[in-house]
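The structure appears right after this line, and notes come after that.
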C-alpha cells in the first residue's frame, strides 16, 4: 500500500473507495497478503492522464 499511495498520490481511504466503485485496480491475493499488479497501476495512471488532458 505505501508504494501504491506514493505512485498515485492518493490516500488509503480514497484508494479503497475507488476500488469499491470499480474505479481503481483491485488487489491480488497472495497467500495471507494482498498486493497490486504494477502494470495495472501504471495503466490506471495513464488513463487518468488521458482523461485530464481531454478536458
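Bear in mind that the values in this text are calculations on the coordinates, not laboratory data. Quantities reported herein were computed from a predicted structural model and do not represent experimental measurements. Reconstructed Cβ throughout: ideal geometry from the backbone, glycine too, with neighbour counts over all protein chains shown.
Among (1) 11.5; (2) 13.6; (3) 11.9, only one was calculated for this model; which label is it, if the read-out is Kirkwood radius over Cα pairs in Å?
Checking each listed value against the structure points to (3).
What is the gain in length, in nm to one decimal, between residue 19 and residue 42 on full extension, counting 0.36 nm per residue of separation less the C-alpha to C-alpha distance?
6.7 nm
So if R0 is 30 Å, what FRET efficiency would residue 32 and residue 52 give, r being the distance between their Cβ atoms, rounded to the nearest 0.05?
For R0 = 30 Å, the calculated efficiency reads 0.25.
Would you mind ranking 40, 6 so that the residue whose beta carbon has the fewest other beta carbons within 10 Å leads the list?
Least to most surrounded, the residues fall as 6, 40.
Quick one: among 33, 19, 41, which has the greatest mean-square fluctuation in a GNM of the chain with alpha-carbon springs under 10 angstrom?
For the chain, modelled as a Gaussian network with Cα springs under 10 Å, the answer is 33.
To the nearest 500 deg cm²/dmol, what mean residue ellipticity at 222 nm is calculated for the chain from DSSP H runs of n ≥ 4 alone, each contributing -39,500 (n - 2.57), summed and divided by the residues?
It lands at -18000 deg cm²/dmol.
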